[in-house]
1. Looking only at residues that are part of a loop (DSSP other than H, G, I, E, B) and in contact (Cβ under 8 Å) with a residue 60 or more places away in the chain in segment 128-143, which one is surrounded by the most Cβ atoms within 10 Å (Cβ to Cβ)?
2. Within segment 113-127, can you find the residues that are more than 19 Å from the chain's Cα centre (by Cα) and surrounded by 13 or more Cβ atoms within 10 Å (Cβ to Cβ)?
3. Return the pair list, or none, for Cβ contacts closer than 9 Å from residues in segment 94-112 that are surrounded by 15 or more Cβ atoms within 10 Å (Cβ to Cβ) to residues that are modelled with pLDDT of 95 or more and outside any strand (DSSP E or B), at least 6 apart or on different chains.
4. Looking for whichever is in a helix (DSSP H, G or I), farther than 16 Å from L208 by Cα and at pLDDT 85 or above here; the options are K277, K287. Which one fits?
5. Checking the condition of a type in the set (A, V, I, L, M), surrounded by 10 or more Cβ atoms within 10 Å (Cβ to Cβ), at pLDDT 90 or above and not in a loop (DSSP other than H, G, I, E, B), which residue from L216, L174 passes?
Amino acid sequence: MTMHNLGFAPKIKAIHILSLSAVLIFSLSLSANCQTDSIHAKIELKSWVDRSEVPFNQKLTFTVQASWEGEQDRFSLTPVTPPLCENFEILGSSSLNETKTEEGKTKSLKTFKFNLKPIQTGAGRIGSVQFSYVDNLTQDSSSLATQPINVQITSAVEKKGPKYKLILITVILLVLIYVIYSAKRRIKRIDITKEKGSEEVATKAESLEEKTLKKLDAFSKQIQKGRLEDFSSDVYKLLTGYLEAKYQIVTSGKTTGDIINSLSNLDMSPERISLLKEILSACDLVKFAGEKMEKEKCEKITSQVRELLEQNQ
């Protein structure tokens, strides 16, 4: 009997060891899952270019993308300023908000794209982009930055000319379009001449500010109907188009700061320049930071634009 009991002891001990091991592995598994969940709550920032080498006579696209788990309103983002570039000129920029579902989880993305034009062959460099945000759940704030990107700018590539058949087809189409257009124009020439004469008289009597104010009135009607989606971009285009026509300056591809600097030496008072900067900056917050434009805000901006145009007459 004594020998039989001693043989059972090692077996019982082995069973205890296996049980403890199973409990330990289960505990470690739970711990690992908790750590992964905390990582998923953060923002991931990426940046890239569409190619590592670009010919001098072609354009380059630089993309910055922030992504996180959750809805778009989880984080409040500051506007992304254009990067400092060596041997590149920024022609323009755009932004896009996107929400999608991956593996049953909501994922939000905010993408910024910058169109770059080489200004010299050799080594080009795209500087880092600073990205700040506030977690609307915890009120914690933080910032991220992209790494600089080097791009080789090669010699210009000759563009292949169109083939002979393509040129011939294009010429034939243009001739047909011209013949049809000329025939219609002859039929309606009398009516068009009368309408054009009356329109020219009315146009000459209107100043640039009056024309712009009429377009602004159309925006006001859209606000009353609750159509606010394109308001900020429409106002931005309206003002930049007015500035180009009024002061013969170029605004395309320039930031708000560049536009304001262009007006510093022109016949425009500091008060009007300050008011213009406030309006354009409010539009930038919608374009680059995804800020929503409420009806009251739209009405305020409309009043500011009207004040600026009336003072500038």
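The values are calculated or read from the model by the stated rules, or taken from the named source; none is laboratory data. These numbers were taken from a predicted model, which means no experiment stands behind them. We place every Cβ from the backbone using ideal geometry, glycine too, and count neighbours over all the protein chains shown.
1. The qualifying residue surrounded by the most Cβ atoms within 10 Å (Cβ to Cβ) is V129.
2. Residues satisfying the conditions are P118, I119, T121, G124, R125.
3. Every condition considered, no pair remains.
4. K277
5. Only one candidate qualifies: L174.
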